[in-house]
Amino acid sequence: MSDILAENLSGKSVMGTDGTELGLLYNITMDLKSGTLHDLVIEPDEEISRRAVDFDLDDAGHFLVPVNRVQAVKDYIVVQR
């Protein structure tokens, strides 16, 4: 995967590999000591049921998608479901 600036990812739509629109990228978590990225924090789409998605949720109800599940970043961020 080619390098992408974080500023170009903010607010980008996130879609599952099954074509389900999950929501918008809200943030990305990382380990400050190692610089390793952990999770994409996704603001869920209003029409998607949180029970229908198998990702963990944070206290604010955002989906936490491990970065190793990112398949592609183009018009959408595509994540493995």
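The values are calculated or read from the model by the stated rules, or taken from the named source; none is laboratory data. Everything numeric here is computed off the predicted structure, so don't read it as measured data. Virtual Cβ from ideal backbone geometry, glycine too; neighbours counted across all protein chains shown. Heavy atoms of the whole protein, side chains included, go into the accessibility calculation; ligands, DNA and RNA do not. Shrake-Rupley method; radii C 1.70, N 1.55, O 1.52, S 1.80 Å.
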A student applying the Cα gyration tensor rule (rounded when a/c is under 1.5; otherwise prolate if a/b is larger than b/c, oblate if not) would label the chain oblate
Using unit Cβ charges (K, R positive; D, E negative) and no other charged atoms, how large, in debye to the nearest 20, is the dipole of the chain about its Cα centre?
240
When ligands, DNA and RNA are left out and all protein chains stay put, how many square angstrom of accessible area per residue does the chain have with a 1.4 Å probe?
69
Rounded to a whole number, what % of the accessible area of the chain do carbon and sulfur atoms account for, probe 1.4 Å?
45
Sequence of Ser10, Ser49 when ordered by accessible area, the most exposed leading, probe 1.4 angstrom:
Ser10, Ser49
Solvent exposure ordering (accessible area, 1.4 Å, most first) of Met30, Met15:
Met30, Met15
